Amino acid sequence: MKEDKNVSVLAPLSLREGSGGMKIAFLTPEYPHLKTGSSGGIGTSIKNLAMGLLAEGCAVRVLVYGQKEEGVFDDNGICIQQIKNVKFKGLSWYLTRKKLEKIIDGLFESKEIDLVEAPDWTGITSFISPKKCPIIIRLNGSDTYFCQLDQRPVKWNNKFHEKRALKKADGLLSVSQFTADLTNEVFGLDKKFTIIPNSIDTSLFNNNPNNNASTLIPPLGVGEASGLLYFGTLIRKKGLLELPLIFNEVIKKNPNATLVLVGRDASDIVSGAASTWGLMQELFSLEAIANVTYLGSVPYSEIKKKIEQANVCVFPTFAEALPVSWIEAMALEKPIVASNIGWAKEVLDDGVSGFLEHPTAHKAYANKIITLLGDLNLQREFGIQARKKVEETFSISVVAKQSLLFYKSSIVSK
């Protein structure tokens, strides 16, 4: 494969033997199911895309490595294959990759899969070289990428594997142009990436007019509380150490405002503290922290209810590729005030479907929240435009069709 090409076309899919619906495999360290353990944004994105591909007549298999046991089970039509890592001191990373390579070769030879898509995170495919099966990498943000955004050093082995995986891939996707550009920069590459964003199930995240939080929670000036919501991991890179300082400014002008935090607490890599929530509590003013509720992790099925109960969702993050959480809030017609860094303008139109502001501009960020809390009509207007953007750009149907076209063009000779 030439350095400046991201795919080499073999033959039209229709010419392959048994080429009905495509058979797509995803290689991943996480998937949102009780049997496979905890999952973050990558797992959720894979499941959403898998659902869309099923609707397009594809067969989907998810290869989840790092599991406690081997197994295969069905998840509403998606075949989930659990794979244990190989344990051998000093060589586990290599032997696990070779085990995955053997599994992929076997599935391809038996015509159970046509290609494999993997994330860029830690470069799992760096030493996986299937005999014939194409490997596609979709950028959701590598460790090297996030370290660059966080301005902290990256582990040399992660950077080595991530770069090698990208150089070997038969096809390259990215969830945002910003992520593609920064990835090329940090690895010193000049790769061509096709941009296809993350997606959500718009039928699941669908606003119910009989349960609209904007009518349940009055805006500023009525004398009732106005609710803000953050959902996601409590971690420095998501701007969670800026959020208390922002909320302090909100409380000064709106003492009735409330802030609800939903998500797993994480340790802080900079200070070494065991709890980001612990660090946050020290930053809130006494007046502000009295109006803060931290719920911890909640089941994914409950997230929709929490979004519906908010007036405004806030995401002051420093490091993302293309955040699913923003899209979920937008789909439920919630106005959001989010970071204005990099990828943000590819998700949200500032002043049309929400507000963008830099997380360290605490007063400016707070003023945009206050503006929204005090204007019910603006909340509704932003919400309508946000939903429209999601339906047109981030629905699983739209993204699955785009991905399928890319897959069909990426059947390569080995």
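The values are calculated or read from the model by the stated rules, or taken from the named source; none is laboratory data. Since the model is a prediction, treat every value here as computed from it, not as a measurement. Cβ atoms come from the backbone with ideal geometry, glycine included; neighbour counts cover every protein chain shown.
Within segment 145-152, is even one residue outside any helix (DSSP H, G or I) and farther than 26 Å from residue 50 by Cβ?
Yes, segment 145-152 contains a residue that is outside any helix (DSSP H, G or I) and farther than 26 Å from residue 50 by Cβ.
Which residues, counting only those in segment 253-280, are among the polar types (S, T, N, Q) and in a loop (DSSP other than H, G, I, E, B)?
If the condition is that a residue be among the polar types (S, T, N, Q) and in a loop (DSSP other than H, G, I, E, B), then 254, 256, 267, 271, 275 are the ones that fit.
Enumerate the pairs (first residue in segment 145-166 and without any contact (Cβ under 8 Å) to a residue 60 or more places away in the chain; second residue anywhere and surrounded by fewer than 20 Cβ atoms within 10 Å (Cβ to Cβ) and part of a loop (DSSP other than H, G, I, E, B)) with beta-carbon separation below 7 Å, excluding pairs fewer than 6 apart on the same chain, so at least 6 apart or on different chains.
Final answer for the pair search is 147/153; 147/154; 166/189; 166/191.
Please work out which one of (1) assigned to a loop (DSSP other than H, G, I, E, B); (2) under 15 Å from the mean Cα position of the chain (by Cα) is the condition residue 131 fails and give its number.
Checking residue 131 against (1) assigned to a loop (DSSP other than H, G, I, E, B); (2) under 15 Å from the mean Cα position of the chain (by Cα), the one that fails is (2).
Before we move on, is residue 386 assigned by TED's automatic domain parsing to the domain that holds residue 333 and either closer than 21 Å to residue 257 by Cβ or not in a loop (DSSP other than H, G, I, E, B) (or both)?
Against the criterion (assigned by TED's automatic domain parsing to the domain that holds residue 333 and either closer than 21 Å to residue 257 by Cβ or not in a loop (DSSP other than H, G, I, E, B) (or both)), residue 386 qualifies.
Condition first: crowded, with 22+ Cβ neighbours inside 10 Å, over 19 Å from residue 251 (Cα atoms) and at pLDDT 95 or above. Can you find one or more residues in segment 275-292 that meet it?
Scanning segment 275-292, I find at least one residue that is crowded, with 22+ Cβ neighbours inside 10 Å, over 19 Å from residue 251 (Cα atoms) and at pLDDT 95 or above, so the answer is yes.
If a residue has to be surrounded by fewer than 16 Cβ atoms within 10 Å (Cβ to Cβ) and within 30 Å of residue 58 (Cα to Cα) to count, how many in segment 357-392 make the cut?
3
If you scan segment 338-356, which residues turn out to be crowded, with 22+ Cβ neighbours inside 10 Å and within 18 Å of the chain's Cα centre (by Cα)?
338, 339, 343, 344, 347, 348
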